[in-house]
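Following: one structure in structure tokens, then a few remarks.
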Amino acid sequence: MPLLIVAFLITALLYASVGFGGGSTYNALLALAGIDYRILPLIALSCNIVVVAGSSLRFARAKVTPWRGAVTLTALAAPAALLGGLTPIGEGAFLNLLGASLALTAVTMLLPIAKHEGEPLRWARAIPFLAAPLGYLAGLVGIGGGIFLAPILHLARWDNPRAIAATASFFILVNSAFGIAGQILKGGEGRVLAAIDAGLPLLIAVAIGGQIGSLLALKFMPQRWIRVGTAALTAWVGLRLLLAM
């Protein structure tokens, strides 16, 4: 458990510094530690909420959140996240989806962030149609979905980088809450108690790591370095998970 706590702290630090929650990596770390896969989404989604709640609040206070767009995308995704949380899934399918999510996450972390000069691209209008599938995936495997939404928004020149980061943070926060609701309804009280027993020290770790990550992003480390480090961690954990199956 001490090594797992340290790993969660480092993961939260890295992901918080680039505006994400880290749910996919939390899940993989828990799976590699031999934790029952049925309670992984409950722990990972709870950690997501702890990490992104503070950043969502900071974005809101700074008045950079584009509320109309953020609420529209999240309102479409959240019911699907609840449905994803309710969907029964076997261990093999869960771990395969999680491994694929980690691989895609590592790639998206390395995509360049455009300067968003000019108008949004035409296909940006289709982005709301992607919100529900991303929400369903979020609830099913215990991620927030923002790590996939943000690169799409950047590629479409949907808004400026700070507004996109704020939108992704809000998207992760709400989807994680709805995903947890679905997981609780599916698993019942027994899984909740098991998740609390295993996850409480990890929640404390990500709370500390998230705060440190925000500080690093604001004052010290270049964003490019942090993104490369986060992608490397994600790729390594994903590869370990896939090889262990």
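The values are calculated or read from the model by the stated rules, or taken from the named source; none is laboratory data. All figures in this text were calculated on a predicted structure; none of them were measured in a lab. As a convention, Cβ positions derive from the backbone with ideal geometry for all residues, glycine included, and neighbour counts pool all protein chains shown.
Points to keep in mind about this one:
- Test: residue in region 14-37 that is among the charged types (D, E, K, R) and in a helix (DSSP H, G or I): no
- Number of the condition not met by Ile147 [criteria: (1) modelled with pLDDT of 85 or more; (2) within 13 Å of the chain's Cα centre (by Cα)]: (1)
- Residues satisfying the stated conditions in region 128-172, i.e. assigned to a loop (DSSP other than H, G, I, E, B) and crowded, with 19+ Cβ neighbours inside 10 Å: Gly142, Ile143, Gly144, Gly145, Ala156, Trp158, Asp159
- The set of residues in region 189-210 being of a type in the set (A, V, I, L, M), without any contact (Cβ under 8 Å) to a residue 60 or more places away in the chain and farther than 21 Å from Gly21 by Cα consists of Leu193 alone.
- So Ser55, is it closer than 28 Å to Pro128 by Cβ, among the small types (Gly, Ala, Ser), under 15 Å from the mean Cα position of the chain (by Cα) and crowded, with 24+ Cβ neighbours inside 10 Å: yes
- Residue among Ala138, Ala166 that is farther than 12 Å from Pro66 by Cβ and modelled with pLDDT of 85 or more: Ala138
- Residue satisfying all of: in region 3-26; among the polar types (S, T, N, Q) and modelled with pLDDT under 85; surrounded by the fewest Cβ atoms within 10 Å (Cβ to Cβ) among these: Ser17
- Scanning region 87-96 for residues that are surrounded by fewer than 17 Cβ atoms within 10 Å (Cβ to Cβ) and in a helix (DSSP H, G or I) yields a count of 4.
- With respect to being modelled with pLDDT under 90 and under 21 Å from Leu243 (Cβ atoms), Leu110 falls outside the description.
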